Amino acid sequence: MTTPMTSMERVLCSLSHNEPDRVPLFLLLSLYGARESGLSPKEYFSKPDNVVKYQLFMKEKYRNDCFYTFSYAAAETEAWGGEVLFPAEGPPNAGKPVFTIDGIDRLYVPDIQQVPSLMRVLEVTKQLATKAKGEIPIIGVVMSPFSLPVMQLGFETYLQLLYFDQPRFIQLMKINKQFCQTWANAQLEAGATAICYFNPLCSTDIIEKSLYLSTGYPVDRATIAAIKGPVATHLASGRVVPIVNEIIETGSQILGVGIDESVDLIEKKTKGKITLLGNLNGVEMPNWSEETASDKVREVIQQAAPGGGFILSDSHGEIPWQVPEKVLISISDAVEEYGYYPV
Amino acid sequence: MSEDLEKKQQLVRALVSVDKSAVSEILSTEFTTKGIDHVADTLQQALEEIGTAWENGSMSLAQVYMSGVISEEILNSILPANYLSKLTQPKIGTAVFLDHHNLGMKIVSSLVRSAGYPVVDLGVGVNVDNVIDFIGKEEIKILLISVLMLPSALAVEELIQEIARTYPDVKIVVGGAPFRLDTNLSEKVGAHEMGKNAGEIFEILSRLKRELI
């Protein structure tokens with residue numbers, strides 16, 4: 001009997017477009033740790049020890065193949081002086097926009113050492129790296145320079161900037177790019193294995209391709225090139241097919257896919273060029289029965305896993321608080337049942 | 001292609017290209033030659049087409065948003081004084097429930113205003129009490145609720161139950177990513193209608209208006 005692969009070996013094998021012992025499972029459990037701990041999201045994320053303890057706990061409980069150091073997207077806006085709103089049982093939200101379009105003229109790159117929420121993530125990463133001993137991938141997260149302004153300026157104001165004020169858009173991208181690459185590389189230095197680069201705005205669901213190619217795409221290419229480790233581009237449920245070749249050309253090694261497109265179709269378009277991550281419907285998961293969870297896992301594995309180059313995950317980049325434990329356990333059980341190669 | 005269809009296609013192209021002067025020229029010409037009702041009809045059809053195109057992936061949310069904003073702006077500049085107050089459309093209220101992301105609601109508000117409906121916006125991050133007070137004070141007949149986050153979508157159930165107790169005749173339309181990604185969710189929370197995209201709002205309002213009569 002062969003020895004099972006470690007999570008790291010399994011993932012690296014899949015990234016090289018070969019078949020590992022079984023399909024890797026990335027349950028992206030961030031906020032869910034707060035639910036497991038019984039603490040409020042605010043309390044939970046306030047101490048790195050909480051996050052480390054429950055990352056380790058959830059890795060075992062759900063037979064997960066990664067640690068996920070992501071806290072909440074709005075943590076990055078704290079670097080710019082933004083407020084974070086903490087609900088009792090849901091993801092923290094960015095508060096009011098942090099600056100106006102005029103304010104871009106006076107903007108500078110924040111020092112991450114001065115941002116407690118980011119320093120806590122680095123501490124979590126360091127502690128998990130010690131525990132992982134190189135056998136478990138640690139996934140860090142950044143917001144792309146092109147998508148971050150939704151929280152910095154507000155969505156409407158950002159669209160006005162994008163369409164009508166190119167000089168200030170370019171200035172903001174220059175600052176955000178510097179911040180993003182510094183933040184990503186700090187996480188890699190702390191022990192992260194790869195960076196999940198959240199970029200929902202590059203989806204043609206949000207910005208038309210022609211506009212993206214002339215605005216955000218050059219920024220994304222340059223930023224990803226400056227990140228000193230593997231990058232997973234994630235569109236947080238947005239459609240990827242119309243820009244999949246451009247994403248591949250950024251050098252991203254992994255692509256998060258949503259539910260509006262067939263993973264089978266994307267797999268055919270990208271075979272051998274990028275590893276797919278997805279695409280269980282996280283929004284539906286709270287209502288899934290154990291049987292439904294199992295059926296969904298089997299279906300996605302059969303469509304996308306043959307030949308490797310596939311990691312099973314959710315479609316959005318985070319498991320919602322409301323998903324019952326039994327559903328997550330059923331997902332893990334189904335991976336054990338249907339995920340061993342040959343699938 | 002009929003002249004009206006050709007005009008609508010020109011308008012769609014101008015809107016999604018964010019070409020304000022072209023939109024203004026098309027609508028002003030239509031107003032001069034065919035009157036304001038024709039302008040409203042043409043605009044509504046164009047915005048419906050753009051909304052549907054977003055749903056099938058051929059246009060972006062940014063284009064839908066800019067189309068709504070430009071339409072509202074241009075229409076306001078050419079509408080006769082007191083035109084809206086003479087219309088007998090039911091009063092529509094909009095609210096972003098618990099969440100703080102208002103782009104979706106802004107898009108729908110712009111579209112609905114462009115079609116001549118009176119719209120009052122309650123704002124973002126509102127709770128059950130805020131909405132109940134708002135419905136009573138503004139005499140809202142149709143309430144459009146937008147959410148982005150799943151917990152907010154689930155909490156809409158409690159809101160709808162409270163509205164049903166206090167103002168049973170008010171019609172409720174929900175929209176936002178959680179409802180689009182889980183198509184059973186709107187029924188679960190008890191909404192009368194769910195809009196998958198902004199362009200669907202006109203058809204939904206037509207149905208609800210028939211129920212209100």
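We did not get these values from a lab; they are worked out from the coordinates using the rules stated. All figures in this text were calculated on a predicted structure; none of them were measured in a lab. Cβ atoms come from the backbone with ideal geometry, glycine included; neighbour counts cover every protein chain shown.
A DSSP coil position with no more than 13 other Cβ atoms inside 10 Å describes the following trypsin sites (Lys or Arg not before Pro) in the range A:101-177: A:133.
If you average the alpha carbon positions of the range B:94-124 and of the range B:1-18, how far apart do those two centres end up, in angstrom? Here the answer is 25 Å between Cα centres. Each of B:13, B:165, A:63 has some number of other Cβ atoms within 10 Å of its Cβ, and from fewest to most they run B:165, B:13, A:63. Just checking the listed ones, B:141, B:171, B:34: in the Gaussian network model of chain B with Cα springs under 10 Å, the one fluctuating most is B:34.
When the alpha-carbon atoms of the range A:195-343 are used, the pair Rg, Dmax equals 15.6, 46 angstrom. Given axes a ≥ b ≥ c from the Cα gyration tensor, I'd like to know whether the range B:58-213 is rounded (a/c under 1.5), prolate (a/b larger than b/c) or oblate. Judged from the Cα gyration tensor, the range B:58-213 comes out oblate (a/c at least 1.5, b/c at or above a/b). Taking the DSSP beta bridges with both ends in the range A:7-338, the antiparallel portion is around 10 percent. Taking the square roots of 5 times each eigenvalue of the Cα gyration tensor of the range A:5-143, largest first, gives ellipsoid semi-axes of 31, 18, 13 Å.
Each Lys or Arg adds one and each Asp or Glu takes one away; over the other residues whose Cβ falls under 14 Å from the Cβ of residue A:157, this sums to 0. Taking a ≥ b ≥ c as the square roots of the eigenvalues of the Cα gyration tensor of the range B:3-81, is the shape rounded (a/c under 1.5), prolate (a/b larger than b/c) or oblate? Taking the square roots of the gyration eigenvalues as a ≥ b ≥ c, the range B:3-81 is prolate.
Is the shape of the range B:91-182 best called rounded, prolate or oblate, per the rule: a/c under 1.5 gives rounded, else a/b larger than b/c gives prolate, else oblate, with a ≥ b ≥ c the square roots of the Cα gyration tensor eigenvalues? It comes out oblate by the Cα gyration axes. Among A:341, A:217, the ranking by other beta carbons within 10 Å of each residue's beta carbon, starting with the fewest, stands as A:341, A:217.
Whole number please: convex hull volume per residue, Cα atoms of the protein assembly as shown, in Å³.
Values: hull volume 83.7 nm³, N = 556.
Convex hull volume per residue, Cα atoms: 150 Å³.
Note on the range A:112-189 and the range A:27-89: Cα centroid distance 17 Å, given to the nearest whole angstrom.
Going by how many other beta carbons lie within 10 Å of each one, how would you line up B:174, A:124, fewest first?
Values: B:174 25, A:124 29.
Ascending Cβ contact count within 10 Å gives the list B:174, A:124.
Each DSSP beta bridge with both residues in the protein assembly as shown is either parallel or antiparallel, and the antiparallel ones are about 5%.
For the range A:7-338, the extents of the C-alpha atoms along the principal axes are 56, 43, 36 Å, listed from largest to smallest.
Comparing A:224, A:329, A:136 in a Gaussian network model of chain A where C-alpha atoms under 10 Å apart are linked, the largest mean-square fluctuation is found at A:329. Taking the average, over residues, of other Cβ atoms within 10 Å as the packing measure, peptides A:20-28, A:5-13 rank A:20-28, A:5-13 from highest down. For chain B, the 222 nm mean residue ellipticity estimated from helices alone, with every DSSP H stretch of n ≥ 4 adding -39500 (n - 2.57) and the total spread over all residues, rounds to -19500 deg cm²/dmol. Under a 10 Å cutoff between Cα atoms, tell me which one of B:51, B:136, B:195 has the largest fluctuation in the Gaussian network model of chain B. Residue with maximal mean-square fluctuation among B:51, B:136, B:195: B:136.
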